[in-house]
1. What number goes with the only condition from (1) within 25 Å of the chain's Cα centre (by Cα); (2) hydroxyl-bearing (Ser, Thr, Tyr); (3) outside any helix (DSSP H, G or I) that residue 51 does not pass?
2. Kindly indicate whether residue 36 is of a type outside the set (A, V, I, L, M, F, W, C), at pLDDT 85 or above and in contact with a strand residue (DSSP E or B) (Cβ under 7 Å, 6 or more places away or on another chain).
3. For segment 228-238, state whether one or more residues are surrounded by 14 or more Cβ atoms within 10 Å (Cβ to Cβ), free of Cβ contacts under 8 Å to residues at least 24 places away in the same chain, within 16 Å of residue 75 (Cβ to Cβ) and of a type in the set (Phe, Trp, Tyr).
4. Could you check, for segment 89-101, whether at least one of its residues is of a type in the set (Lys, Arg) and within 30 Å of residue 245 (Cα to Cα)?
5. Give the residues of segment 209-219 that are surrounded by fewer than 17 Cβ atoms within 10 Å (Cβ to Cβ) and either among the polar types (S, T, N, Q) or without any contact (Cβ under 8 Å) to a residue 12 or more places away in the chain (or both), sorted by residue number.
6. Would a scan of segment 47-68 turn up a residue that is acidic (Asp, Glu) and touching a Gly at 6+ places or on another chain (Cβ under 8 Å)?
7. If you go through segment 149-161 one residue at a time, do you hit one that is at pLDDT below 90 and charged (D, E, K, R)?
8. If you check residue 160 against the conditions, is it over 25 Å from residue 100 (Cβ atoms), of a type in the set (Val, Ile, Thr) and touching a Lys or Arg at 6+ places or on another chain (Cβ under 7 Å)?
Amino acid sequence: MNRLKLMEKLRVPMMLFPAIAIIVVLFGGGMISGVGQSVGYFPVIGLNDFTLDYYRDVLTDDGFMTSLWLTFRLAFLSTLFASVLAVAFALVLRHAFRGSRLLTLIYQVPIPIPHLVVATGIVLLVSQSGLLSRGSVALGLTQTPRDFPVMVFDPAGVAIQLTFLWKEVPFIGVVVLAVLKSVGPQYEEIARTLGANSWQRFRYVLFPLMLPGILSTSIIVFAFVFANYEIPLLLGVRHPTTLPVMAFRNYQDPDLALRPQAMAISMILAVVAIILLVAYKRLAKYAVES
């Protein structure tokens, strides 16, 4: 009997063990290798002495703080704008009207599309040789495609923001929409009978209900954008660039002597991301409780 109880308790852990083991081995092995290389242990090129010189070189680099600020700005603005737009779309789509199901389906289309495909579409749409530029010339708004505002490979990262917004707004919005549909209209109706206007119903009824879903998804979006390298690499300027792109370029450089520096940047990026996410989570918890 005791043996059967023990087997029952171990059934789920044993089922999960193969997947967890693969994750631990691959992720853990990569982390150990990365940390080792970041502190100077890279026997392939003859580095066997542990040192923090690579961290010092990265932190004292003039472009490091610029790249860190750019990375944080892109992640913060993408998360903020995506959350605001997602809430707006969810508030509209929660009501049943003619064509609402079709619009909800279209709204969810970007979720499974890879970011690289979206980036390609953004280039074809908003670049100076893209569809909007040509349409502007055809309508007489601009004389030549070069008169169209620069949105790709620009310091402000407009194309990068548009790519993340197109992908992340539906991701946050689907969660918020599910929350709104699950609670139903009864809370709003009660507030309306008590004399609350539209803004008061949103501020004191709907927003607190949506807030846990907004915060949980926005944390994921912030972490993803903060560590993303392919979109800034494809659509951003070469300098200044984000920290993930800086680490990727150093890692891909034929000179293996730059590999420890790339790993140092990656470790710093991971630490900064963890600190920001912990702070964000605490603020989110405080906002929900208050």
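1. That leaves (1) as the condition not met.
2. Against the criterion (of a type outside the set (A, V, I, L, M, F, W, C), at pLDDT 85 or above and in contact with a strand residue (DSSP E or B) (Cβ under 7 Å, 6 or more places away or on another chain)), residue 36 does not qualify.
3. yes
4. No, segment 89-101 contains no residue that is of a type in the set (Lys, Arg) and within 30 Å of residue 245 (Cα to Cα).
5. Answer for segment 209-219, where residues must be surrounded by fewer than 17 Cβ atoms within 10 Å (Cβ to Cβ) and either among the polar types (S, T, N, Q) or without any contact (Cβ under 8 Å) to a residue 12 or more places away in the chain (or both): just 216.
6. Within segment 47-68 (the criterion being acidic (Asp, Glu) and touching a Gly at 6+ places or on another chain (Cβ under 8 Å)), the answer is yes, since at least one residue qualifies.
7. Taking every residue of segment 149-161 in turn, at least one turns out to be at pLDDT below 90 and charged (D, E, K, R).
8. Taking the combined requirement at face value, the residue does not satisfy it.
The values are calculated or read from the model by the stated rules, or taken from the named source; none is laboratory data. The shown structure was predicted, so the numbers you read here are calculated from the model rather than taken from an experiment. All Cβ positions, glycine included, derive from the backbone under ideal geometry; neighbour counts span all protein chains shown.
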